[in-house]
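Student: Would you mind keeping the following structure in view while I ask a few things?
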Amino acid sequence: MDDTILKIRGLKTQFFTSKGVVPAVDGVDVTVRAGEAVGLVGESGCGKSMTAMSVMQLLQHPGRVVEGEIWLKDRNLLELSKREMCDVRGNEISMIFQEPMTSLNPVFTIGKQVMEAVRQHQDVSKEEAKKIAIDIFRRIGIPEPEKRFYSYPHQLSGGLRQRVMIGMAMVCNPSLMICDEPTTALDVTIEAQILYLIKEMQKEKGTAVIMITHNLGVVAESCDYVYVMYAGKIMEEASVFEIFENPTHPYTYGLLNSIPKTTEVKDHLFTIRGLVPNLLSLPKGCRFCTRCDKAMQICTEYEPDLYDIGDGHKVRCFLANKEVMESGK
Ligand SMILES: Nc1ncnc2c1ncn2[C@@H]1O[C@H](COP(=O)(O)OP(=O)(O)OP(=O)(O)O)[C@@H](O)[C@H]1O
Ligand SMILES: [Mg+2]
C-alpha cells in the first residue's frame, strides 16, 4: 500500500531580487509517509523554511516556485486554486512557526481562537465548542484552562503560546504538520515538553510531521528519517539511526561533530570552517567544496548527484561514488 502523504519532486524556489535570482531551494525531493516524522536540518539560510513555505504556498514576493511538483496524496498543490489551497492549509496541513505570536491573532482571546477552529471542523454549538477548547487546553498542559481561556496571546509565555498552536493543530486534525523551528525560542525544559506533545499527536492521530531544525539533537529525539540540506540542496538523507551511525557527507559529519557532548571535555567546540556561500555566487562543482576538508579535484569541477548507497541512504558526495573513488581523481 502506498501510504505517501507528501511527495516533493524537483522543487525549485527562487527569489527575483535586484541583485539577481536567488536559488533558495534548488531541486529538492522529499517524501513523507503517513505517521512518519521527517527531519529537515541544515545551517541558517540553507532553504529549510522556504521549502516549507513553498509547500504551504505562503512565499512572499519576490519568491516564487519556478519548477517541480508538490503532491499531497493525489493532488499536486501547485495546480490548486487559491481557495483550494486555503482549504488545504485549514484542514490537511498545519504549520507551526518558530514564533507563535505571528500566527495567533493578537486581538482575540486564545479561547475564542481555538473555539473558532473547533467550530470550523465540527458541527457543534458555542457551548460545546468552548468545552472542547477547554479540554484541549487541559490536554496540552495549559494551567487553569478555564481562566486562561480568556487570555490574550501576549499574556502568555512563548511556551504556552506554542502549546496553543499545537492545540489548534490538534483541532484541525491534519494529515501533515510542518513544524518550523518550533522550540528554538524556548528554553530546554519547555522544548522537551513541546516535542513530547508533537510526538503524542503523531502517535495518537497518525499525523505525519516535518520537523525543521538546525539542531540534530531535536532530530534524534523526534524523527524517523532525516534530510540534510545545504545551500538549497539535499546533501544527505537516511534514517535517523543511519545518519548518526554512519554519516557519510562531510557536511553531515561536520554538523554532528559540532554538537557539544557532555561526556567529553574539549578545549574548544568543533565548527565547520568558513561560511555558508552566498547563493548568488555559489562555487563551481560541489557547493560545499570550499568548506570541505575532504575535497578532491573533481569536487571543484563537477556537482555530484545524490548517490544511493543502500538502505534508503543517499549522499550527494563523490566520496560515495565508487567509480570516482576507484579512478582516484
Ligand atoms: N525575501 C527574500 N529575498 C531574497 N532572498 C531570500 C528572501 N527570503 C529568503 N531568501 C533566500 O532564501 C534562502 C533560504 O532561506 P530560508 O529562510 O529557507 O533558510 P532557513 O534554512 O530556513 O534558515 P534559518 O535556519 O535561518 O531559518 C536564504 O539564504 C536567502 O538567500
Ligand atoms: Mg528558517
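Student: Out of (1) in contact (Cβ under 8 Å) with a residue 60 or more places away in the chain; (2) part of a strand (DSSP E or B); (3) surrounded by fewer than 20 Cβ atoms within 10 Å (Cβ to Cβ), what's the single condition that is false for VAL30?
Tutor: (3) is the only condition that VAL30 fails.
Student: Within the group VAL25, VAL30, which residue is more than 11 Å from ligand 2 (Cβ to nearest atom), closer than 26 Å to ASN257 by Cα and within 12 Å of the chain's Cα centre (by Cα)?
Tutor: Working: VAL25 fails: within 12 Å of the chain's Cα centre (by Cα).
None of the others qualify; the one that does is VAL30.
Student: Anything in the range 77-108 that is more than 16 Å from ligand 2 (Cβ to nearest atom) and not in a helix (DSSP H, G or I)? List them, or say none.
Tutor: Passing the criteria: LEU80, SER81, ILE93, SER94, LEU104, ASN105, PRO106, VAL107, PHE108.
Student: In contact with a Pro (Cβ under 6 Å, 6 or more places away or on another chain) and either closer than 14 Å to LEU6 by Cβ or modelled with pLDDT under 95 (or both): does that describe ILE70?
Tutor: On the way: in contact with a Pro (Cβ under 6 Å, 6 or more places away or on another chain): no; either closer than 14 Å to LEU6 by Cβ or modelled with pLDDT under 95 (or both): yes.
In short, no.
Student: Among the residues of the range 19-42, which ones are within 26 Å of LEU197 (Cα to Cα) and more than 7 Å from ligand 1 (Cβ to nearest atom)? Reasoning before the result, please.
Tutor: We begin by selecting, within the range 19-42, every residue within 26 Å of LEU197 (Cα to Cα); these are 30-42.
VAL30, THR31, VAL32, ARG33, ALA34, GLY35, GLU36, ALA37, VAL38, GLY39, LEU40, VAL41, listed by residue number.
Student: For the subset of the range 169-188 comprising residues that are modelled with pLDDT of 90 or more and among the aliphatic types (A, V, I, L, M), which member is nearest to ligand 1 (Cβ to nearest atom)?
Tutor: By that ranking, first place goes to ILE178.
Student: A follow-up question, please. Which pairs turn up if I take residues in the range 85-114 that are farther than 13 Å from ALA169 by Cα and look for partners that are within 16 Å of ligand 1 (Cβ to nearest atom) and among the acidic types (Asp, Glu) with beta carbon separation below 8 Å, at least 6 apart in sequence or on another chain?
Tutor: Here the result reads GLN98/ASP180; GLN98/GLU181, each pair linking the range 85-114 to a residue that is within 16 Å of ligand 1 (Cβ to nearest atom) and among the acidic types (Asp, Glu).
Student: More than 13 Å from the chain's Cα centre (by Cα) and not aromatic (Phe, Trp, Tyr): does that describe SER94?
Tutor: On the way: more than 13 Å from the chain's Cα centre (by Cα): no; not aromatic (Phe, Trp, Tyr): yes.
So SER94 fails the test.
Student: Ok, one more. Among what's in the range 43-83 and is buried (at least 17 other Cβ atoms within 10 Å of the Cβ) and of a type in the set (Val, Ile, Thr), pick the residue that is nearest to ligand 1 (Cβ to nearest atom).
Tutor: Filtering the range 43-83 for residues that are buried (at least 17 other Cβ atoms within 10 Å of the Cβ) and of a type in the set (Val, Ile, Thr), the one nearest to ligand 1 (Cβ to nearest atom) comes out as THR51.
Student: Within the range 287-301, count every residue that is out of contact with any strand residue (DSSP E or B) (no Cβ under 9 Å at 6 or more places or on another chain) and surrounded by 14 or more Cβ atoms within 10 Å (Cβ to Cβ).
Tutor: Here is the first cut: in the range 287-301, the residues out of contact with any strand residue (DSSP E or B) (no Cβ under 9 Å at 6 or more places or on another chain) are 289-301.
Adding the requirement that they be surrounded by 14 or more Cβ atoms within 10 Å (Cβ to Cβ) leaves 289-292, 295-296, 298-300.
Qualifying residue count, the range 287-301: 9.
Student: Oh, and also: For the range 94-123, which positions are buried (at least 20 other Cβ atoms within 10 Å of the Cβ), under 23 Å from ALA52 (Cβ atoms) and of a type in the set (Gly, Ala, Ser)?
Tutor: Residues satisfying the conditions are SER94, ALA117.
Student: Looking only at the range 187-225, which residues are more than 16 Å from ILE166 (Cβ to Cβ), away from ligand 2 (no atom under 16 Å from the Cβ) and crowded, with 22+ Cβ neighbours inside 10 Å?
Tutor: CYS223
The values are calculated or read from the model by the stated rules, or taken from the named source; none is laboratory data. In this text, all values refer to a predicted model and were calculated from it rather than measured experimentally. Don't worry about glycine lacking a Cβ; one is built from the backbone with ideal geometry, like all the others, and counts go over all protein chains shown.
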